[in-house]
Structures are given as structure tokens and as C-alpha cells.
Amino acid sequence: MTTLDTPAPSTSRRKSAFQRCISHPSTIIGGSIVVFFVLVAIFAPLLAPFDPNLSDWLSIRQAPSALHWFGTDDLGRDILSRVIFGARASLMAGVISVAIAIAIGVPLGLVAGYFGGVLDMVISRLTDALLACPFLVLAIALAAFLGPSLENAMIAIGISAMPIFVRLTRGQVLTVKTEDYITAVRALGVRNRNIIVSHVLPNVLAPIVVQGTITMATAVLAEASLAFLGLGQRPPAPSWGSMLDVARQFLSQAPWMAVWPGLAIVVIVLGFNLLGDGLNDALDPQQDS
């Protein structure tokens, strides 16, 4: 006999996963870092002490001081302001490019894994062909083909990351579709589309969320690499990668020009990786056993 106070098993599992998320050190540290940079990007106009594109020809390559905490660059622009505004490009690249990869890769993986046959073979072979090319090389090739801009860089990164989600989703679906509850739903005459959306997709979302978080770190690095090569955010708009490209010419005279954007990239990538590691532990089904 059941009581009204007894929660449903699925609700208990969700609550348990949430509790592990907020109690896991990696999730707390990584989430705090990511939230910090998100707030910096949102409130950049309020936080930046100077216009990030304002040149001061009397303050070229000045060392960090009370006026310019991070120093100035080769055009006299305040580096702190440019690092703050540069967070927008990196976070947009991380979120939007991963959203593109998920929007394309997950449906293809669902179709390939659920239906199998020729459709699975075609999708899998195309995925293998894309995975055979190194991620960054493919992103550079696509960005060069599309043209240098932040928008094209995000598209290039998203398409390059898409095969990861196709393969991950397909593998998860192959496991889920053999479960007894899927067989029972099929026996009831439920259409395949409804089975995929209502029963298969919710049970493969956890690893997709974890992979998406980790891929955001890769996307941030890829955006910085593309900007460094002149294929991302176009000057004078601030971007951590383009700031490093300029800074490499003045490493001996003004090393602070490279330190701060480089440190920002390292910290945000660390944050996404820690968050993904924490989510992986919290959402691991074996934790519920």
C-alpha cells in the first residue's frame, strides 16, 4: 500500500541528482567560475572602466597601474575593459556553437540509433568521415571558407563539434531502445515519433548535457584560436584570441598584454571542465543504484 507522502521514483532520482550537483565540489567551483564570467559579460558596460575601443596615444603599452589595472595595449586601450568585453565573444562562441552542434547532432543520432538500417549506415559513415578530421583543423577550414567573423566562427565550431553528439546520442539510443519499457510502449501502438520524443530522448539527455558542458570549453578554445588566426571576431571588437595575436608582437616590451587574456581563457576553460566533471558524477545512473 502506497502513501501520498511517498515521492515517485523518478522524482526521487531527480532530487538525488540535484543534491549531488549542488554538493559536488567540482560543480560548485566550476559553476561559480562560469556564472562569474556570465555576469561579467552581461554587465560589461557597467564594469568596464573605459571604452574598450578608445585609444589613448599618451598611454601606449603602459604597465599595470592604479588607473589601468591590467595595463594598456599597443594603441593605448585599457586591457581590463577589453578583457571584460571579450568575455562576450568567448561565451557566445561556447554557448551558441554547442547549441548548433546539439540541434543538428542529437536528432541525427536519435534517428540513426532508433531506426538503424541504411539510414544508420549513411549517418554513421558521414559522422566517421567528419571525426577523421581533427576538430580544430576542420573548424579552421570551415571558418576560412565562410569568411572571418564571429558568427561564421560559431557556425564552423558548431559543425565541427556536431559529430561528437551524433555518435554519443546514437550509442545511448542503442542502449535505451532495448529496454522493456520501450518494448511495452511499442506494443501499445504508440507511434515512433512519440516514442522517440517522449520516452527515448528524456533518457539520453544526461550524457548529452555533460558532453555539451565539456564541449563549451573546447569551443571557447577554438574561438580563441580562430580569432588568433584572424578568422574570428574582427578588430577592433575585443576578443581574447585577437588580443593574444596582438600581444605576441610585444612579449618582451609588454608581457601584460598576453597575461590577462591568456589567464581569462585558462580560467573559463577550467570552469567549464570542472562543471562538466561535476555534472558527470552527479548524473551518473550508477549513483542511484
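General remarks:
- Cβ-Cβ contacts under 6 Å between residues 6 or more apart (or on different chains), taken from a first residue in the stretch 68-87 that is outside any helix (DSSP H, G or I) to a second residue that is among the small types (Gly, Ala, Ser) and surrounded by fewer than 24 Cβ atoms within 10 Å (Cβ to Cβ), are listed as Gly71/Ala63; Thr72/Ser59; Leu75/Ser55; Gly76/Ser55; Gly76/Ser59; Arg77/Ser55.
- Scoring Ile196 on the criteria (1) touching a Leu at 6+ places or on another chain (Cβ under 8 Å); (2) free of Cβ contacts under 8 Å to residues at least 40 places away in the same chain leaves a single failure, condition (2).
- Test for Ser225: is it hydroxyl-bearing (Ser, Thr, Tyr) and within 22 Å of Ser90 (Cβ to Cβ): yes
- The single condition among (1) in contact with a Phe, Trp or Tyr (Cβ under 7 Å, 6 or more places away or on another chain); (2) surrounded by fewer than 23 Cβ atoms within 10 Å (Cβ to Cβ) that Leu263 does not meet is (1).
- Selection status of Val173, surrounded by fewer than 18 Cβ atoms within 10 Å (Cβ to Cβ) and out of contact with any strand residue (DSSP E or B) (no Cβ under 9 Å at 6 or more places or on another chain): no
- Residue count, the stretch 185-224 (criterion: of a type in the set (Ser, Thr, Tyr) and in contact with a helix residue (DSSP H, G or I) (Cβ under 6 Å, 6 or more places away or on another chain)): 2
- Each residue in the stretch 24-67 was checked for being among the aromatic types (Phe, Trp, Tyr), loosely packed, with under 15 Cβ neighbours inside 10 Å and part of a loop (DSSP other than H, G, I, E, B), and 2 pass.
- Of the criteria (1) farther than 29 Å from Ile157 by Cβ; (2) modelled with pLDDT of 90 or more, which one Trp57 fails: (2)
- Taken together, Leu168, Leu188 contain a single residue that is out of contact with any Asp or Glu (no Cβ under 8 Å at 6 or more places or on another chain) and either at positive phi or in contact (Cβ under 8 Å) with a residue 12 or more places away in the chain (or both), which is Leu168.
- Here the condition is being at pLDDT 90 or above, in a helix (DSSP H, G or I), under 22 Å from His24 (Cβ atoms) and not β-branched (Val, Ile, Thr); of Gln286, Gln211, it holds for Gln211 alone.
- Residue within the stretch 151-163 that is more than 25 Å from Arg234 (Cβ to Cβ) and either among the basic types (Lys, Arg) or surrounded by fewer than 21 Cβ atoms within 10 Å (Cβ to Cβ) (or both) present: no
- Flag: Leu244 matches the condition of being among the aliphatic types (A, V, I, L, M) and either surrounded by 19 or more Cβ atoms within 10 Å (Cβ to Cβ) or closer than 30 Å to Leu54 by Cβ (or both).
- Lone unmet requirement of (1) in contact with a Lys or Arg (Cβ under 8 Å, 6 or more places away or on another chain); (2) under 26 Å from Pro64 (Cβ atoms); (3) part of a helix (DSSP H, G or I) for Ala224: (1)
- When Pro52, Pro45, Pro107, Pro25 are checked against the criterion of being within 28 Å of the chain's Cα centre (by Cα), under 30 Å from Pro202 (Cβ atoms) and modelled with pLDDT of 90 or more, Pro107 stands alone in meeting it.
- Restricting attention to the stretch 103-150, the residues being among the polar types (S, T, N, Q), more than 16 Å from Phe165 (Cβ to Cβ) and crowded, with 17+ Cβ neighbours inside 10 Å number 0.
The values are calculated or read from the model by the stated rules, or taken from the named source; none is laboratory data. Nothing here was measured: the structure is a model prediction, and the numbers come from that model. When we count neighbours, we look across all protein chains shown, and the Cβ atoms used for this are built from the backbone with ideal geometry, even at glycine.
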